[in-house]
1. List every residue pair whose Cβ atoms lie under 6 Å apart, where the two residues are 6 or more positions apart in sequence or sit on different chains, the first residue falls within the stretch 280-301 and is modelled with pLDDT of 80 or more, and the second residue, located anywhere, is among the acidic types (Asp, Glu) and buried (at least 17 other Cβ atoms within 10 Å of the Cβ).
2. Please find, within the stretch 288-347, the residue that is farthest from the chain's Cα centre (by Cα) out of those that are among the aliphatic types (A, V, I, L, M) and in a loop (DSSP other than H, G, I, E, B).
3. Pull out all pairs, ordered by first then second residue, where Cβ-Cβ is under 7 Å, the residues are six or more apart or on different chains, the first lies in the stretch 75-94 and is free of Cβ contacts under 8 Å to residues at least 60 places away in the same chain and of a type in the set (Val, Ile, Thr), and the second is surrounded by 15 or more Cβ atoms within 10 Å (Cβ to Cβ) and part of a helix (DSSP H, G or I).
4. Taking only pairs six or more apart or across chains, which ones have beta-carbon atoms under 6 Å, a first residue in the stretch 98-125 that is touching a residue at least 12 places away in the same chain (Cβ under 8 Å), and a second residue that is of a type in the set (Lys, Arg) and part of a loop (DSSP other than H, G, I, E, B)?
5. Could you go through the stretch 124-141 and let me know if any residue there is at pLDDT 95 or above and among the hydroxyl-bearing types (Ser, Thr, Tyr).
6. Going by the structure shown, is residue 189 over 16 Å from residue 228 (Cα atoms) and out of contact with any Gly (no Cβ under 8 Å at 6 or more places or on another chain)?
Amino acid sequence: MLTTLPAYCQYLLSFALAALVGVYAVRKIIFITAKRKIFDIPDNIRKIHGEQIPSLGGIGIFIGYMAIAPFFVPLNFSGWNYIIISSVILFFTGVYDDIMNMRPSKKLLAQLAATAITVYFADIRITSLYGTFGIHELPFPVSVLLTTFCGTFFINVFNFIDGIDGLACMMSLLYTTLFGLLMAFSNETATACIAFSLTGATAGLLFFNYPPAKIYMGDTGSMLLGFSIFLLSLLFIRSSASHIIYHIHDAFGGQSALRLVIAVFFLPVFDALRVFVLRAVKGISPLKADRRHLHYYLLDAGISHAVITWLFAAVNCSSIFLCLLFINSPIWLVMAFMALPSALLATGAGILQRKAGV
């Protein structure tokens, strides 16, 4: 078992092996999809590419992750079997949707089921808000329902940012690397290896997904990554890793970990909620695809896929930095500072789009 190796060897190997397997798998997928003519079909709304590009890149992430991560997870790792089951459900749901276009309602049910399995049976859930807004321990039914809702919501949030070349891969690299490092610094070796395996597998896809993309992630990848990243955030909150940020256990304890997680996810969640409100005002279903997301505003303004991808990463990092800088401040002040970069991005994107006359 590779779990007997020194921790730093496990971290490096889990990343490197997952990346190698991911690159190999994605190359094969590109070849097979081209041979069988399985391509992503433009809809002139969100999918506006003119070339014939496959959208099953998420298969490479799944193979790289699932082929490597189990070698670094000890047999007594709580809930691992249920995490695998949920991941497999989301994987096959994504593959079916990428090829056959599943109805949104059926896809949502699959997401709810997959999330609920891990939340309930693996007992990985939001157990407390640690005094945030005066709320502490949550009753078990409330905890399960809230975590299932938040997990399903974030799966869709992450799916929304998979709209341009490289963006979802880049954000995934940011999130999984951050949680991996936090876990590694606190000797949560197994969870860190899970995170680094995801980082490696995603890096393997990014090699082909970076603008101009040769393959897209598809729902196969975005749903798996959204689910896995959400789980990593829960494991971080409940682990000793939550106590390494500026000695926050002396001030707010788990509340500081929760604040950091909110900062990590603030940009994509902010964009999703903004779009939901705009769609509701227009009387449109929140799950209906359109071009109201910030990355489309910037794309319509003539900014390249690569620049938008790096801009989003920079804005996301800015929210994290500001959260850490004011981590021990009152919650309203922390939220205001972590929201500032996203608000500036939204304002700038709106101005640029209007100037472009789109």
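The values are calculated or read from the model by the stated rules, or taken from the named source; none is laboratory data. Keep in mind that this is a model prediction, so the values were computed, not measured. Here Cβ is always computed from backbone atoms with ideal geometry, including for glycine, and neighbour counts include all displayed protein chains.
1. Pairs found: 293/271; 294/271.
2. 301
3. 85/117; 89/110; 89/113; 89/114
4. 119/125
5. Within the stretch 124-141 (the criterion being at pLDDT 95 or above and among the hydroxyl-bearing types (Ser, Thr, Tyr)), the answer is no, since none of the residues qualifies.
6. On the way: over 16 Å from residue 228 (Cα atoms): yes; out of contact with any Gly (no Cβ under 8 Å at 6 or more places or on another chain): yes.
Yes; evaluated as a whole, the condition is true for this residue.
Conditions tested, residue by residue: (1) small (Gly, Ala, Ser); (2) under 21 Å from the mean Cα position of the chain (by Cα); (3) surrounded by 14 or more Cβ atoms within 10 Å (Cβ to Cβ); (4) not in a helix (DSSP H, G or I).
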site	(1), (2), (3), (4)
110	yes, yes, yes, no
114	yes, yes, yes, no
118	no, yes, yes, no
126	no, yes, yes, yes
130	no, no, yes, yes
133	no, no, no, no
